[in-house]
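Visitor: One structure coming up, written as structure tokens, with questions to follow.
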Amino acid sequence: MKGIGAKHCRKEDLLLYYYDELDTQRRHELEAHLNGCAACGKEWQQLQRTLDGVPQPTIELASGEAERFAARVAERVQRPGRGKLWLWGGALTATVVLALSLTVRPPGMLPGKGSNLVADATIVQELELLQNMELLEELDLLQELEGQG
Amino acid sequence: MTPQAATVVVDHASAQDYAAASELGDRCDKILLEQLRAGHPGAFEQLVASQASRLINLAYRLVGNRAEAEEIAQEGFLRLHRSLDGFRGDCSISSYLYRIVSRLAIDHLRREKLRRKLFFFRRQDDEVDPVEVSADPGASPRDLLQAKETGQRLLAALDRLSARQRAVFVLRHQEGLTLKEIAALLKLQEGTVKAHLHRAVRALRVELEDLQEDRS
Ligand SMILES: [Zn+2]
């Protein structure tokens, strides 16, 4: 009954073991423990069963679909402009600004109510995050990827 | 074998596809790049057609919605096209596309999350796209239905994760990237990637084990 005296497996380690991400020494220790410990063995089997059962969502492109998609992309190259999602990102910022100004001065409410201030501060932070993310998309990601090309 | 294991093909082929595509890419990229830069008619379109399925699927696994996935993949191709002149060829076109599409998908997810948070809006489970899963050719309609249901539950569960947790799980579990590759891709420390993976799996287990208990 080797391994019984050793500490039980950490869930993190079992997970890394599943994905073959443990270093050799840790893997050997874990395997030795698993061989002798029913509780960890059970936990391992359950984890394995769940992860093995995770489906792989897949879009099977029907015949000709990839070509039609490619034709659409090629057409977009000819007439540059932003796609729906990216246009929508700009519209979103505008909407947030509007929503924010409405939140800051709710009709019939005294400004400066403690809880509202906290909520407003959170929204302001998130608005900044949103803008940063758009900046990131525009500058950071583009430049950096182009630099790597 | 559990019913799920029998009906749903959990393939780890993506990782091999990724590696194979990169190797193949390295050899073909030089010629392709020259053709693209020379404005060779049809070269770009051909490239898009050959990579479309892989990239749309990558984005789909990350965002869980087909229309959005196609839009993201399209944006990735457009950005490649715009940066062709600066492309020095020290990374393959296919790995460039893989990287840009994953990042665009993650940015999109984060923005989506924020939008829902700001507007107190949450995507309902029935708004998640019908799931297409690769199934055994011999699977019965009932098995197929079960596989679809499990897929649906997975997408709904993934939807509740943070953008990074979701990305790390999808890239590790479904795309077969190593934690090290994911860390480089997302510009995170490897320890942070591990923590995201652990949290993602902990949350998913609650959802999925439940489902498996119902079936067994
Ligand atoms: Zn143990």
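Visitor: Looking at the stretch A:39-78 only, could you name the residues that are among the aromatic types (Phe, Trp, Tyr) and within 7 Å of chain B (Cβ to nearest Cβ)?
Guide: A:PHE69
Visitor: While we're here: I need every pair where a residue in the stretch B:133-147 that is at the interface with chain A (Cβ under 9 Å from one of its Cβ atoms) has its Cβ under 6 Å from the Cβ of a residue that is modelled with pLDDT of 75 or more and assigned to a helix (DSSP H, G or I), sequence separation at least 6 or different chains.
Guide: Here the result reads B:VAL133/B:GLY151, each pair linking the stretch B:133-147 to a residue that is modelled with pLDDT of 75 or more and assigned to a helix (DSSP H, G or I).
Visitor: Could you grab me the full set of residues in the stretch A:14-68 that are within 29 Å of the chain's Cα centre (by Cα), within 11 Å of the ligand (Cβ to nearest atom) and of a type in the set (D, E, K, R)?
Guide: A:GLU43
Visitor: While we're here: Does any residue in the stretch A:38-52 that is among the hydrophobic types (A, V, I, L, M, F, W, C) come within less than 8 Å, Cβ to Cβ, of a residue that is within 9 Å of the ligand (Cβ to nearest atom) and not in a helix (DSSP H, G or I) six or more places away or on a different chain, and which pairs are these?
Guide: Close Cβ pairs satisfying both conditions: A:ALA39/A:HIS8; A:CYS40/A:HIS8; A:CYS40/A:CYS9; A:TRP44/A:CYS9.
Visitor: Mind checking which pairs have a first residue in the stretch B:41-53 that is at the interface with chain A (Cβ under 8 Å from one of its Cβ atoms) and a second that is open to solvent by 20 Å² or more (accessible area, probe 1.4 Å) and assigned to a loop (DSSP other than H, G, I, E, B), Cβ under 7 Å, 6 or more apart or different chains?
Guide: Listed by first residue and then by second, the contacts come to B:ALA52/A:LEU61; B:SER53/A:LEU61.
Visitor: Considering only residues of the stretch B:172-185 that are open to solvent by less than 20 Å² (accessible area, probe 1.4 Å) and touching an Asp or Glu at 6+ places or on another chain (Cβ under 8 Å), which is nearest to the other protein chains (Cβ to nearest Cβ)?
Guide: Among residues in the stretch B:172-185 that are open to solvent by less than 20 Å² (accessible area, probe 1.4 Å) and touching an Asp or Glu at 6+ places or on another chain (Cβ under 8 Å), the one nearest to the other protein chains (Cβ to nearest Cβ) is B:LEU179.
Visitor: What's the number of the only condition in (1) modelled with pLDDT of 95 or more; (2) open to solvent by less than 40 Å² (accessible area, probe 1.4 Å); (3) within 11 Å of the ligand (Cβ to nearest atom) that A:GLY3 fails to meet?
Guide: In the conditions (1) modelled with pLDDT of 95 or more; (2) open to solvent by less than 40 Å² (accessible area, probe 1.4 Å); (3) within 11 Å of the ligand (Cβ to nearest atom), A:GLY3 misses (1) alone.
The values are calculated or read from the model by the stated rules, or taken from the named source; none is laboratory data. Computed from a predicted structure; not experimentally measured. All Cβ positions, even for glycine, are placed from backbone atoms using ideal geometry, and neighbour counts span all protein chains on display. These accessible areas exclude ligands, DNA and RNA; they are computed on the full protein's heavy atoms, side chains included. Shrake-Rupley method; radii C 1.70, N 1.55, O 1.52, S 1.80 Å.
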